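Visitor: The structure is given below, and queries will be raised subsequently.
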Amino acid sequence: MSEPLETVFEALGAYWSSPLTLSIVAVCATAMGTLLYVFLSNARNAKLRVSLLTGFYVLTVFFWAYVAASLFFCIANAGRVAYTTMGVRDAAAMAVLLALAASLILSYLVWRFAARRVLNKLAPRPLRDDERWISEYVTRLAKFEDMKPVPVLVVERSEPIAMAVGGKHAAVLLSQGLLKLLDREEVETAIAHELMHLKHHDAEFKVFSTLFSRILFFDPFSKFFDPAVHREREYLADEMSGRSTGKPAALATALLKLADHESPPRSTWGLSIYGQGKGIFSRYPPVRERVQRLLLLSELITSK
């Protein structure tokens, strides 16, 4: 074995056997385990489950970024890490800082540019005069939810699409196909669903997690928990839409109509209110379960 390669292996051994490095890994593992335990023990609290899974997902992103940064510093400064007292400590500190910096930079880039890319791809238009009621409804609902009003734009496509884009160019997008398919109450609940995504920053998270899932293609956690987070966020947006409009049954019928209609374009999968996919790797919960929850919420609201 060549001397440089031997030095790298010695650096890796010294680094990953260091109490400091093991402590960082142990803290990450303990935090993730705690979040999962609380998640599994709270089956019906949608808002808490979203927060817990999001925290877990963020920790996995940080963990793998930390591992990658650690490998970089161990290789780049192998002699110092392997043979000096401060080498491991400095490498661990720089790995943590680099992992945090990478997460923050990518988060900013998603917030700054992702929405504009989606808008450019779908080329939506402003509302026409006969569609102004949509803007008025969004203004009232946003005020009720203590949110800033966002523009509603129409996509000239026959497929039913309702989606939110966040970040600097936040907006709600509706397709002509959706406006023709759904009645007014159903459109209102679909819009409320998308506003709830904006309120809880789901739109930014969807793009952010998609980007990291591609970067961390080897990460088994992201393959399982990324879609799990999205399913919980859909449940939460359904529930909050039903509560804010008082018409969860209308959203249930809207989902059933969407499920019986043609699927939205592939470019909107994971972003629109409804999409294809089943099982633990789907970003969408089963339509049957979503409808059942909404109808149960409708019964609770009407029984008060």
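Visitor: Of Phe72, Phe63, which residue is aromatic (Phe, Trp, Tyr), farther than 19 Å from Val207 by Cβ, buried (at least 16 other Cβ atoms within 10 Å of the Cβ) and without any contact (Cβ under 8 Å) to a residue 60 or more places away in the chain? Give the steps one after another, and end with the answer.
Guide: Working: Phe72 fails: buried (at least 16 other Cβ atoms within 10 Å of the Cβ).
Sole residue among the options that is aromatic (Phe, Trp, Tyr), farther than 19 Å from Val207 by Cβ, buried (at least 16 other Cβ atoms within 10 Å of the Cβ) and without any contact (Cβ under 8 Å) to a residue 60 or more places away in the chain: Phe63.
Visitor: So, in the range 118-144, of the ones that are within 21 Å of the chain's Cα centre (by Cα) and surrounded by 14 or more Cβ atoms within 10 Å (Cβ to Cβ), which residue ends up modelled with the highest pLDDT?
Guide: Filtering first and then ranking leaves Leu122.
Visitor: Here is a follow-up. Is it true that some residue in the range 157-168 is touching a Pro at 6+ places or on another chain (Cβ under 8 Å), crowded, with 23+ Cβ neighbours inside 10 Å, farther than 25 Å from Arg49 by Cα and at pLDDT 85 or above? It would help to see each step written out before you state the result.
Guide: Residues of the range 157-168 that are touching a Pro at 6+ places or on another chain (Cβ under 8 Å), as a first pass: 157, 159-161.
When the remaining residues are screened for being crowded, with 23+ Cβ neighbours inside 10 Å, the result is 160-161.
Imposing the further condition that a residue be farther than 25 Å from Arg49 by Cα reduces the set to 160-161.
The next check asks that each one be at pLDDT 85 or above; those that pass are 160-161.
Looking through the range 157-168, at least one residue is touching a Pro at 6+ places or on another chain (Cβ under 8 Å), crowded, with 23+ Cβ neighbours inside 10 Å, farther than 25 Å from Arg49 by Cα and at pLDDT 85 or above.
Visitor: Now a separate question. In the range 21-42, what residues are in contact with a helix residue (DSSP H, G or I) (Cβ under 8 Å, 6 or more places away or on another chain) and at pLDDT below 90?
Guide: Met32, Leu35, Leu36, Val38, Phe39, Asn42
Visitor: Same structure, new question: Has the range 52-71 got at least one residue that is hydroxyl-bearing (Ser, Thr, Tyr), closer than 19 Å to Ile215 by Cβ and at pLDDT 85 or above? Please lay out each step first, then the result.
Guide: Step one: filter the range 52-71 for residues hydroxyl-bearing (Ser, Thr, Tyr), giving 54, 57, 60, 66, 70.
Still in the running and closer than 19 Å to Ile215 by Cβ: 54, 57, 60, 66, 70.
Filter once more, so that each one left must be at pLDDT 85 or above: 66, 70.
Yes, that holds for at least one residue.
The values are calculated or read from the model by the stated rules, or taken from the named source; none is laboratory data. Keep in mind the model is a prediction, meaning the values are calculated, not measured. FYI the Cβ positions are ideal-geometry reconstructions off the backbone, even for glycines, and counts take in every protein chain you see.
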